[in-house]
Structures are given as C-alpha cells and as structure tokens.
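Working notes for the structure below.
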Amino acid sequence: MDFLRTRAIPALIAALALPCGSAAADCASLQATYRYKSAGPGEPVSLSVLTLSKERSKLFRVDEKGSAPGSIAGGTLIRPPKMTPLAETATLIHSAKDTRLRFMDASGKVLAEMTVNDTGRWACKGKHLERSRSRTAGLGDAIRTEKVVETLERNDAGDLVLKTAVTIVSPPGPAPKVVEARFPAAR
C-alpha cells in the first residue's frame, strides 16, 4: 500500500482507525453492581481490597477502638478495632482511562467512588480485566520474587469472580497458587 501519495491519505486514516487487540476487547459486560462481600467457600473478602485509596475509611464505622501494643514482657494481647462495614454493594465502572468502584450502602446511597488502578492498571483482555505486578516476599535467606496476576471476570451466573494467581519466579517454584473470590450480582 502506498502511504506517501495524496490518494493514500484516506487509506492511512482508515488503517489508523482499526482497533488494536486491547481496544477490540469487550469488558462492558463486567460493568454491573455486585455484593460488597464475597460469597462461597473460604474467608470472605470485600471488594475494597482492590484499592489502596484513603477513601476506604468511608466504607466502615469504628465501633470500638483496638488496643495499642504494650511491652513485650507485659503479656497483653493486641486487639484489632471492632468495625462494621457500611457498604452493601459496589458498581464496577471500566473505561479506557480508568477502572473504578462506586460503593453504596443498603439504601443505595453512594459512600465513596475510587479507582482500583493504584497497584496496577487493569487492562481489558477478551471479556475480562487483568493486571499484574511483581513483588518481593519472604524473610532472611528465604527471599523470593513473585509475580501476581489478578483477573476480574463474570461467571455464567453473572457473579464477578476475582482470581489471584501467585507464581514464584525467583527462585523457580511450584505451579501458581490461585485464590478465587466470588461476588454475587446485586439483584
């Protein structure tokens, strides 16, 4: 194709307008309202784990302050604060610029809206969102480098499924450990 002559300008414009791989992906089906807490087996997880925003404090009410650490010899236990979650649902909003969660209480009042891109940008791949990062973990001589890949996708029931796969990269380790959390669609 000749891109240097004036007749080639329309062809060049058309070629630049073609969708690239990630732009052709369709993550619109993920944009919905889901329960704030996960359901199913295992320890419950909240959707607020996807963000590091200071706005998260708006999602909880502190009922009782925790105890401060005492001296090591004191023998007192450290108590975490007693907190009540205020959020009941969260709406996932994804655009080419940002991925956000809008948290609402039981009456539908918006408590906070925040980005979930602070620990890595979510990219639309096919019909799911994905982000990855590397981290260092361990102590002393057992330091390791891990690759963390998180995906958000909808299952056949319409629930949002968060999958977290952790692979030990250095030193090479076993197969990735995958943990799933399922957030039912709010009806």
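The values are calculated or read from the model by the stated rules, or taken from the named source; none is laboratory data. Predicted model, so just to flag it, every value in this text is computed and none were measured. Cβ sites come from the backbone with ideal geometry, for glycine too, and all protein chains shown count toward neighbours. Heavy atoms of the whole protein, side chains included, go into the accessibility calculation; ligands, DNA and RNA do not. Shrake-Rupley method; radii C 1.70, N 1.55, O 1.52, S 1.80 Å.
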Requested in this report: Consider only pairs whose beta carbons are under 7 Å apart and that are at least six residues apart or on different chains; among these, list those whose first residue lies in the range 141-154 and is closer than 13 Å to GLU180 by Cα and whose second residue is of a type in the set (Gly, Ala, Ser) and at pLDDT below 90.
Outcome: none
Report summary line: In the range 154-187, anything open to solvent by 50 Å² or more (accessible area, probe 1.4 Å) and within 18 Å of the chain's Cα centre (by Cα) is listed as ARG154, ASN155, LYS163, LYS177, VAL178, VAL179, GLU180, ARG182
Requested in this report: Grab the strands (runs of 3 or more DSSP E) fully contained in the range 101-187, keeping just those with 2 or more residues being closer than 20 Å to THR91 by Cβ and among the acidic types (Asp, Glu).
Outcome: 144-154
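Return yes or no: is ARG131 closer than 27 Å to ASP156 by Cβ, buried (at least 18 other Cβ atoms within 10 Å of the Cβ) and free of Cβ contacts under 8 Å to residues at least 60 places away in the same chain?
Criteria met by ARG131.
The rows are residues; the columns are (1) small (Gly, Ala, Ser); (2) over 25 Å from ARG187 (Cβ atoms); (3) open to solvent by less than 80 Å² (accessible area, probe 1.4 Å); (4) modelled with pLDDT under 90.
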site	(1), (2), (3), (4)
LEU50	no, no, yes, no
SER107	yes, no, no, no
GLU113	no, no, yes, no
ARG121	no, yes, no, no
Report summary line: For the range 87-105 the number of residues that are open to solvent by 40 Å² or more (accessible area, probe 1.4 Å) and either over 22 Å from VAL161 (Cα atoms) or without any contact (Cβ under 8 Å) to a residue 24 or more places away in the chain (or both) is 4
